[in-house]
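Take a look at the structure set out below.
The values are calculated or read from the model by the stated rules, or taken from the named source; none is laboratory data. Since this is a predicted model, take the numbers as computed values, not measurements. Every residue, glycine among them, receives a Cβ derived from its backbone with ideal geometry; neighbour counts consider all protein chains shown. Note: areas computed on protein heavy atoms with side chains; ligands, DNA, RNA excluded. Shrake-Rupley method; radii C 1.70, N 1.55, O 1.52, S 1.80 Å.
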Amino acid sequence: MKLPTRIVVILHLCLFLFSLSVTQVGRTRIEAVRAQETMTTDGVLSEPVWQRAGVSDFKMKYPVEGNAPSQRTEVWVAYDNEAIYVAARMHDTSPDSIIQALGRRDYDVTADWFCFYVDPYNDKRTGYFFAVSAAGSMQDGTLYNDDWNDNTWDGVWETGTNVDNNGWTAELRIPLSQLRFIEMDRYVWGVNFRRSIGRHSERDFMVYTPNKESGFVSRFVELVGIENITPPLQVEILPYVTSRAEYLKAAPNDPFKGSSRYLPGMGADLKVAITSNLTLNATVNPDFGQVEVDPAVVNLSDVESYFQEKRPFFVEGYNIFSFGYGGANSNWGFNWGNPEFLYSRRIGRAPQGSIPFGADFLDYPIGTHILGAGKITGKVGDGWNLGVIQAVTNREYARAETSGVRINDLEVEPITYYGIGRIQKDFNDGRQGFGVLTTYTHRLFNDKRLENEINTSALTGGIDGWVFLDDDKAYVINGWTAFSHLTGNTTRMRTVQTNSRHYFQRPDASYLRVDTSATSLSGFGGRVALNKQKGQMLLNAALGILSPGLDVNDLGFQWRNDYINYHVATGYKWTDPTPYYNSFRIQTALFQSRDFGNRIMWHGWWNNWNIEFPNFWGAYTGYTYNPSSLDSRSTRGGPAMKNPLGREFFGGVWSDSRKEVTGEIFGFMYLGGGGKQYSTELYLSYKPAPNINFSLGPGYSKNFQEAQWVTSYDDPTASATYGRRYIFANFDQTTISANLRLNWTFTPQLSLQLFMQPLMSSGKYHTPREFILPGSFDFRNFGEDGSTLVVNRDQNGNITSYDLDPDGAGLSPAVNISNPDFNFTSLRGNSVLRWEYRPGSTIYLVWTQSRSDYEGDGEFRFRRSFNRLFSTKPDNIFMIKFTYWFNV
């Protein structure tokens with residue numbers, strides 16, 4: 001029967017509108033096909049399973065969201081009982097323009113890339129990613145919190161690529177043993193694909209997160225068709241052997257440090273799939289000699305320096321222990337730092353014990369030996385994420401010699417147990433989340449002297465979670481609350497109460513007191529935040545509290561406590577490209593911090609804007625206004641000092657990352673607050689060849705302070721400052737530093753990495769002065785108003801010390817302080833040749849050098865400091881490490 005023309009037209013119109021709706025929604029399902037033939041991962045798509053029609057429903061995410069891609073992409077997925085296979089054909093009308101830059105593993109170079117994302121649990125929040133460049137470089141990692149990724153996980157998988165006249169192709173073979181999933185008869189996983197076209201700075205996805213929204217893993221399409229496979233019982237063993245040669249500088253006649261020593265070593269890492277959902281990672285006698293050295297720093301504050309964790313055992317899967325950040329795709333903070341309840345660098349840290357006498361020569365361990373560590377990660381029960389770490393470090397001893405008498409068994413660190421436990425679960429399609437974290441540290445002392453210096457035990461625990469406030473997941477509240485509990489003898493707890501994390505002895509803090517009989521210390525903290533996840537309008541607000549007694553530093557890292565902090569921030573972003581910009585954002589915030597005595601410790605108004613231009617250059621700038629407030633830390637346990645009004649200016653410019661030479665420059669200036677600070681840093685990257693990248697990052701800073709801490713001492717006549725005098729000085733510091741890196745990738749499996757950091761810093765103190773009135777910024781210079789100042793010099797005229805007397809011939813005692821001027825130079829670097837001679841098995845050749853020199857001259861003389869960098873005798877360490885991966 002022939003349909004009337006009008007009906008035919010209506011049907012065609014309906015089909016057309018339906019096709020438009022399908023195009024807007026995108027593909028929702030992809031089918032994987034079982035491979036019947038032997039698969040080879042060579043980048044040539046010759047296997048029969050790749051000859052069927054591929055999936056090519058890609059959309060541009062960047063630079064123009066929603067546009068059709070400039071080039072067509074096809075993908076296929078197959079599987080067998082051993083692995084998942086992914087193939088991709090990246091069509092290209094200009095194959096000679098494909099950027100085939102080569103980088104070491106997990107190094108993000110500007111190139112043409114293909115990436116496969118997979119969510120095997122189909123929980124719509126977690127997963128893995130596997131990426132390969134046209135030159136064969138590899139990246140991999142994990143996905144978590146729906147929007148975030150972590151490239152510290154290194155799986156054992158294979159890939160191959162091939163460039164031809166039609167573009168380029170890629171094949172990926174991912175063993176099932178590298179993925180965690182729940183055993184079923186038929187599987188439904190979440191998957192996604194990304195293609196990056198380097199010359200266009202273009203990123204095309206099968207599904208992407210719109211610029212005005214959030215959520216990535218939750219948008220993945222379904223992968224169906226996988227059936228009759230079993231999660232393999234994974235057992236991986238990675239034994240290693242090392243040989244180390246150390247050539248260290250030593251003082252004349254040092255009995256402990258000769259010109260050289262040679263140290264062999266061996267150990268092993270183990271990975272076992274306890275169930276299809278749980279994996280055990282263990283390490284025995286680990287060695288991390290191949291990791292990059294820490295940068296040198298000059299720290300004049302009362303807060304310890306924070307260094308990034310780089311050891312593979314602790315880095316991999318670290319995100320499962322992330323606490324307090326879940327749910328929100330952005331966590332803002334102004335003069336706030338969440339305590340890190342797990343700072344894994346505490347495990348194997350430098351020993352903390354003292355030497356009970358002066359020694360002519362000393363051999364003190366630089367680190368604590370890790371006897372063994374184990375980590376369990378995965379899912380248990382009804383989708384609960386689980387993470388457990390347990391580690392034991394050895395008892396450490398120092399050797400000392402005084403007047404020819406040697407002592408070889410001075411205990412400086414007790415045997416210590418560290419334990420961390422974490423569980424977390426999402427509910428209602430990720431609309432709510434709840435988690436628990438706990439850590440425990442316990443020490444066994446042989447030398448009772450150390451009980452006065454190190455905590456006996458430390459326990460922390462907390463809960464965190466989030467809840468979305470609307471069906472569209474536009475607004476989310478997340479937060480955490482936690483406690484800490486330390487134990488030790490009365491001497492140790494008295495020290496803890498008065499150290500720089502607590503300062504319970506502050507005389508003007510009536511809510512605090514030092515309990516000399518205490519054998520424990522407890523505290524609490526928490527934070528709640530609101531974040532707007534979607535739309536062009538930005539909104540973020542938070543309230544955080546850290547009690548005076550909170551202390552997580554036995555296994556965590558804490559910047560400060562006795563703190564109540566809150567802010568409200570808003571802004572607007574333009575994400576649709578115009579002839580004037582690709583994107584533009586403005587932001588502003590009001591913030592304030594108080595102590596538990598309700599005194600304002602910091603507050604201000606912050607502004608920032610950020611723009612990317614159509615040529616892919618960008619810039620940002622900002623301004624902060626800080627009214628006067630109080631500072632309870634500058635006197636280091638004394639009364640609070642006024643923090644004068646200050647203004648901050650900052651900004652930067654970056655260039656197009658696609659170019660052979662790229663750069664970024666940014667600067668910072670703070671005026672007021674009792675001083676002036678200036679700093680600028682430049683970052684330059686040069687790619688002379690597709691497989692070579694050289695970067696240089698010099699920095700320069702100046703710091704002028706009217707009141708830099710020097711010391712304090714008891715004086716009963718100092719009634720205005722509660723019986724103690726607080727000495728400061730004018731301070732002038734100049735610092736020049738640089739980070740130099742060379743990454744030379746010979747093949748995707750063979751690379752050379754060089755790193756070097758020179759540092760020159762001088763600090764000159766002058767005009768010693770006394771803080772005279774709590775709550776003010778008032779000082780009296782010594783040598784004025786009846787006080788006396790005597791400057792002591794050596795035979796060359798150099799200042800050696802100062803004699804300070806607050807009232808001349810009066811009752812106040814005089815004090816002698818050494819000249820605190822300094823001139824510090826340092827040069828640190830290492831080179832690592834890494835060869836993955838077979839999947840999972842690696843040989844490392846490592847050279848590490850460090851040299852430093854110190855002088856008591858505060859004048860900055862660039863040429864002299866530069867010459868000292870290379871005239872100072874270095875410490876050299878050479879190491880070879882051989883690992884072999886067994887998959888049982």
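Tabulated results
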{"quantity": "Cβ-derived FRET efficiency at R0 35 Å, Tyr306 paired with Ser719, nearest 0.05", "calculated": "0.35"}
{"quantity": "Simple spin-label estimate for Lys249 and Gln36 in nanometres, 7 Å along Cα-Cβ", "calculated": "7.2 nm"}
{"quantity": "Cα-based equivalent ellipsoid of the range 661-767: semi-axis lengths in Å, sorted from largest, via gyration tensor", "calculated": "46, 16, 10"}
{"quantity": "Quotient of Cα Rg and 2.2 N^0.38 Å for the range 350-392, N being how many residues it contains", "calculated": "2.11"}
{"quantity": "For peptides 787-800, 664-677, sequence by mean Cβ density within 10 Å, most packed first", "calculated": "664-677, 787-800"}
{"quantity": "Kyte-Doolittle mean at least 1.0 and Cα axial length at least 27 Å: DSSP H helices in the chain", "calculated": "5-25"}
{"quantity": "Accessible area per residue in Å² at 1.4 Å probe, computed on the chain", "calculated": "44 Å²"}
{"quantity": "Cross-link reach list, lysines versus Lys257, counting only Cα pairs under 30 Å and skipping chain neighbours closer than eight places", "calculated": "Lys249, Lys310, Lys448, Lys873, Lys881"}
{"quantity": "Label-zone membership for the range 293-328, site Thr872, 7 angstrom Cα→C-beta point, backbone N under 11 Å", "calculated": "296-297"}
{"quantity": "Isotropically averaged projected area of the range 723-793, using the convex hull of Cα atoms (one quarter of hull area), nm²", "calculated": "9.9 nm²"}
{"quantity": "Cβ-based charge dipole, the range 353-431, positive-most Cα from Ile415, Gln390, Ser403", "calculated": "Gln390"}
{"quantity": "Hull volume in cubic angstrom per residue (convex hull over the Cα atoms of the range 572-612)", "calculated": "62 Å³"}
{"quantity": "Carbon + sulfur, % of accessible area of the range 322-455 - ligands and nucleic acids excluded, 1.4 Å", "calculated": "52 percent"}
{"quantity": "Taking the range 665-794 and dividing mean pair separation by its residue count, relative contact order in percent (alpha carbons under 8 Å, at least six apart)", "calculated": "18 percent"}
{"quantity": "Burial ranking of peptide ranges 173-182, 714-723 (average Cβ count within 10 Å, highest at the top)", "calculated": "173-182, 714-723"}
{"quantity": "For the range 347-486, the fraction of alpha-carbon pairs in successive 5 Å shells from zero, as %", "calculated": "2, 9, 14, 14, 13, 11, 9, 8, 7, 5, 4, 3, 2, 1, 0, 0"}
{"quantity": "With every protein chain in place, the range 746-870: carbon and sulfur % of accessible area (1.4 Å)", "calculated": "54 percent"}
{"quantity": "Neighbour net charge for Asn428 - beta-carbon separation under 15 angstrom, K R +1, D E -1", "calculated": "-3"}
{"quantity": "Cα Rg, Dmax, the range 91-224, angstrom units", "calculated": "15.1, 46"}
{"quantity": "Rounded percent of accessible protein surface that carbon and sulfur make up, the range 151-250, 1.4 Å probe", "calculated": "46 percent"}
{"quantity": "Förster radius 41 Å - calculated FRET efficiency between Leu590 and Gln352, Cβ distance, rounded to 0.05", "calculated": "0.50"}
{"quantity": "Whichever aspartates and glutamates have a C-alpha closer than 13 Å to that of Lys61, once near sequence neighbours (fewer than 8 apart) are set aside", "calculated": "Glu202, Asp204, Glu213, Asp576"}
{"quantity": "Out-of-range pairs (alpha-carbon distance over 18 Å; input Lys642/Lys702; Lys124/Lys473; Lys642/Lys676; Lys59/Lys534; Lys534/Lys573; Lys473/Lys532)", "calculated": "Lys642/Lys702; Lys59/Lys534"}
{"quantity": "Label point distance in nm, Val380-Ser94, each placed 7 Å from Cα along Cα→Cβ", "calculated": "5.6 nm"}
{"quantity": "Ratio Rg/Rh, restricted to the chain and using Cα atoms, in which Rh is the Kirkwood radius", "calculated": "0.99"}
{"quantity": "Packing-based ranking, highest mean first, of 560-572, 766-778 given that Cβ atoms within 10 Å are counted", "calculated": "560-572, 766-778"}
{"quantity": "Cross-link reach list, aspartates and glutamates versus Lys375, counting only Cα pairs under 13 Å and skipping chain neighbours closer than eight places", "calculated": "Asp269, Glu316"}
